Structures are given as structure tokens and as C-alpha cells.
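What follows is a set of notes on a single structure, which appears directly below.
The values are calculated or read from the model by the stated rules, or taken from the named source; none is laboratory data. All values derive from a computational prediction rather than experimental measurement. Cβ coordinates were reconstructed from backbone atoms using ideal geometry, including for glycine residues, and neighbour counts include every protein chain displayed.
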Amino acid sequence: MSDESTMALPVTDGLLAVVKDDCETCHLVVPVLAELAAGDRTFTVVSQDRADFPPGFEVLHDRELDISWKLRTETTPTIYRLAEGEVADQQAGWLRSGWERVTGAVGLGAGLPEQRPGCGSDTMLPDVYQRLMRRHSPHRISSRRVDLGSAEDPIEAAYARGWTDGLPVTPPTEERVARMLEGTSQAPGEVVCVLPPDLAECTVEKVAINAVMAGCLPEYLPVVLAALKAAATSRFNIHGISATTYFTGPVMVVNGPIRRRIGMNSGINALGQGNRANLTIGRALNLVVRNVGGSRPGGVDRAALGSPGKLSFCFPEDEEGSPWEPLSVERGFPPEDSTVTLFAGHGPIEIIDQKSRNPESLARTFALQLRMVGHPKLAGMADAIVVVSPEHARIFREAGWSKTRLRREIHALLTLPGAEVAAGAGGVAEGMPPQVAAGGKEFAKYTSEGLWFVHAGGDAGMFSAIISGWIGGAASSQMTTVAIDS
Amino acid sequence: MTALLDPTSERTVQKRQLSPRLPDLGEGTVALLDISKPRGDVFIKRLDELFSERGVSVKHYRKPTFSKPAPLDLRQQIAAECTAVVEALAD
């Protein structure tokens, strides 16, 4: 914690007025200040802009404005009553009744109008406010400061330095980063993870800087921090996800109370645009992977085509409307925990079914569409998340189908005969190796850990969505869930 | 003046000298590293034939998975046992 932030007020008890010469109302109240100075109580006059204003007073000149900052003065004049170092009461501007209430005096400022608005405190001037915010922030920022030229546009400067994902970023000024750090109790210098591919130590501060650039609010920061912990695990393997020629990027599913607290959208357009939390949290993760981890398209990132989701792909589960336990519970967390689940994926692929009215038929539709993930003749490779919409979920709820039941039915439907999926079969060279496909062998399209269901979406529309995975299993990337420290 | 905070890891890239080019492969051993991509073995097998025809000794290695960096002990083993390495990247 910095010395400035713990700075005590010059007086702890009594009356204190903050004024400045460059304020008509402050000049107006000078006789009132004289009345108060003549009284019995301790009275201190703090002047923001001149040591000799008001004339004839012993004035504390608040040259650096630290006293005004500490008092959170927004207007001059403001009269304060202090008790044990804290503000017990205050009145901004001139209002006779207010000043009398604060001071306990009666008949103050005879001959003055009842009321006059004050002027803006010098602490509120934009540049000054930012300087003071930096000075008084409890956080010690250690990142390199990049001073921009006077004619340099900060947004263009971020582009020029290669910090962006192709979209403009919010310039990461010290005061924005200081504000972002208010979103966590973790110290800025704390190492969140060691991030591939550069194996760079990623601190809370670096995450905060990138979260500012992504457009996050401070209350989103714990989600981003948790996502990075998950991303950097060998299990999730962000290195491989970054480097692959495949489409994949990190997909985030958020569960638990934090979803509602920070205003995430699990309803209409849950996978689309329009919600700040959904979009900026996902974007922040990818910006950290780029800027701290060092993964850039054309560098370590060798995706043949990539996918728009590599900018941001983050959504919460609609737990309240779901017929099933939340993904986080399935992943071993209690329902009251907030979690983030990372999945190496891309998409979505649509599932249209407006005619099925029983779960057997709808499960068959799901299976038909799930077969095409990766390639209809490849099995046991890619994982998938099915985002089941409310209108489809209703059919499973009414029939009493659990997730386990649905998964079992789909696995049965997607056990593929070797003769059908062998390389070359059906005149298609792609497929499973012919030698292992011989002899009546069958292939499971999805492994037992390769198929997941999440509930989200608007109330209308008999459409669900498949988020296609990368190669699943321990050799590549496995779904990874961590608790959010909030 | 506006100042921005650097969002990168602020690492400075270490420049390393390339190893000197080998004058020939006669005395050394060439590592053939299969990264476990499909058909990588086809490429490695052909390279083995071509090296062997020329009297160059080879040793075969395999990464557990192509999706993750080679484990440190494998890298050290190759460095200790071989003078050159060919890595099969192709599908």
C-alpha cells in the first residue's frame, strides 16, 4: 500500500472548509468562515489554489490536492464536520441551513442569500483526477509505462504496437488499470499462471491490463483470472490450441451465482453479440493469451482458417430454466460455487428440429448432426458441447430424460460400423484407418468424456447448437473447470 | 501526456547463435523425430531409407502427442545421442 493512500487528514476533529480563490461562492462565504474562525470549535480552512486565500486566515494550502482527495471533495466551498478522522457531516456549496446543520452555529452569513451553488473542486479536473487516482491507488503498478507522443491516438498506438486482436481496444491507462484491480483482492504482482507458448509469468496486473483493453468491468476480473488458471493447465493445453492448424479457440462456460451478479446473458442470443460481460470476458482471455502468452496468428497460431470465436466465445448456462443439473455440478462442483469451464472448441453448428415432440426423435436429430463434427467418417476424436435451447430442453424435461439418458441414447446412435467409416469407404479417402476398420469393428463417435450438454438460449426457437471440439483426450485438450474466486 | 501500460510479458527476445552447419553426416547420428501426426511414419521411414543408403546412422524418437511440446527429457536425450535432428511435421 502506498504512503499517500494511508495519509491521514491534517486534523481529525472539528470543522474544516475546503475553498479556492477561483470560485465566486468561496469569496461569498469568506464572512461565514470568519464567523466560524471566531467560534470556540477547531476550525481549519483548506485552500486548493492559493496559500493566501482567503486573506487574513491561517490557511492550509492543499497544493497537491491530497487533502481534498482524501475528503472526496467534489465542490468548493464544502464545509465538513470531522470526528475521529472521518467525515461526520458535510455541505457542498453555500446553503445556510446546511452549514448551520454541519457547524451547529445559528444565524450564519447574515446578509448572504440563502443558497448559492459552488464550483467544481480542482480534484475533479480530468488530468488532475487521473493523477490523484494513480497517486492514491493502493496498487503498485510495475508494468512498463509506454509514453505516447502528444499527437498519438491511444487506440492507434495499441494497434501499432501489436496489442490488439484486430478490433480497437480501450487504452490501458494507469487509472483504468487501477480501477480494474479493484475487482480482485489478489495483489497485482501475484502470478496467476505461467502461460504458453512463451512460458511467461502472467501476473494479476497483466490480466487487468488486458481486461481493460477488452472492455471488461472490474467485477468481471475474477472470471478472467479463473479462466487463465484453467487455460494454463497441461490438461487444457492452450499451447496446442494456440498452435493448431484447426479452427479451435478457448470456449468459456460460466456457472454459478456470478453469472447473474455481473449481468451475463444466458437467454436470447446467448452465443451472439450484445452483452458486455459475455463478450469482453471471452475477449480478455484471448488478449492475455496473445499479449502475455505470445500466441499470434501467423506466429505460433497456425490456424488454417480459424474461427470468429477466437475473438471471444463465452456464455453462461441458464441454470434456472434447465431440466438438468448445471455443467459445473456435473464437473464436481457444488451448485453455490461460481465456476468457469474451458473447452477447446469453435462453432456453433446449428441443430434444427421443429417437428420432434418426443425425446427419442429429438435425440436422433442431435445424433445425426453430431455425426458431422470434424467429419462424418471420423470417430473418437473431437469432443462436442450441445447447447440445448429451452424449447428442445422442454421435450426432455417432459419425458423425464436425464443428461445421462440422453448421452447414452446418442452414444448408441453414434456407434459407427467400421466398413462405413474406413478410409476410402463410400468413395471418400478420409476416414478411419482401413486396417482397424476391418473385421466388423465399430467406432464410438464420441468418447465417454467427449459429449456435454449445457442449457442456454431464448424461449422461442426449436434450435440447439453444437460447439465442435478439437481433439479430445489427455493427448490434446480436456474440458477444464475451475472455481471463480469471487 | 498519455501513458499506457504494457500488456505484454515484457520479455526481451534472446538471440541465440545457430549451431554451425555440420560439414557432413558421416560421423554423427541423425535423430528422426516422429511427432505422432498421421502419416508422419511414412515420411520418417522414407528418410530412414535415404539416410541409410548414404551410410548415415539414424535413431528414431517419438513425441507422445503432436499437440504438446516435446517433453524435456526427450529433448535432452536427442541432444545427447545425436548430432542432427529431422522432425516430421506433416499430416
Exercise. Can you name every residue in segment A:141-198 that is in contact with a strand residue (DSSP E or B) (Cβ under 6 Å, 6 or more places away or on another chain), closer than 25 Å to A:F236 by Cα and part of a loop (DSSP other than H, G, I, E, B)?
Worked result: A:G189
Seminar exercise, completed: Residue hits (segment A:395-410; surrounded by 18 or more Cβ atoms within 10 Å (Cβ to Cβ) and either within 17 Å of A:M462 (Cα to Cα) or in contact with a helix residue (DSSP H, G or I) (Cβ under 8 Å, 6 or more places away or on another chain) (or both)) are A:I395, A:F396, A:W401, A:K403, A:L406, A:E409, A:I410
Exercise. Within segment A:118-139, can one find any residue that is surrounded by 12 or more Cβ atoms within 10 Å (Cβ to Cβ), within 14 Å of chain B (Cβ to nearest Cβ), under 20 Å from the mean Cα position of the chain (by Cα) and on the phi < 0 side of the Ramachandran plot?
Worked result: yes
Exercise. Across segment B:1-31, what is the total count of residues that are within 11 Å of another protein chain (Cβ to nearest Cβ) and either touching a residue at least 12 places away in the same chain (Cβ under 8 Å) or in contact with a Leu (Cβ under 6 Å, 6 or more places away or on another chain) (or both)?
Worked result: 1
Problem set entry | Residue that is crowded, with 19+ Cβ neighbours inside 10 Å, facing chain B (nearest Cβ under 10 Å) and aliphatic (A, V, I, L, M), where the choices are A:A158, A:A230 | A:A158
For this session: Inspect all residues belonging to segment A:321-339 and state whether any of them is part of a strand (DSSP E or B) and under 22 Å from the mean Cα position of the chain (by Cα).
Result: yes
For this session: Would you confirm whether any residue within segment B:47-56 is part of a loop (DSSP other than H, G, I, E, B), without any contact (Cβ under 8 Å) to a residue 24 or more places away in the chain and aliphatic (A, V, I, L, M)?
Result: no
Problem set entry | Test for B:T8: is it modelled with pLDDT of 90 or more, β-branched (V, I, T) and surrounded by fewer than 17 Cβ atoms within 10 Å (Cβ to Cβ) | no
Exercise. Could you count how many residues in segment A:245-267 are surrounded by fewer than 23 Cβ atoms within 10 Å (Cβ to Cβ) and within 26 Å of A:L305 (Cβ to Cβ)?
Worked result: 2
Problem set entry | Residues within segment A:315-339 that are more than 19 Å from A:G267 (Cβ to Cβ) and in contact with a strand residue (DSSP E or B) (Cβ under 9 Å, 6 or more places away or on another chain), tallied | 8
Exercise. Can you find even one residue in segment A:76-86 that is in contact with a Lys or Arg (Cβ under 6 Å, 6 or more places away or on another chain), buried (at least 16 other Cβ atoms within 10 Å of the Cβ), in a strand (DSSP E or B) and more than 14 Å from every other protein chain (Cβ to nearest Cβ)?
Worked result: yes
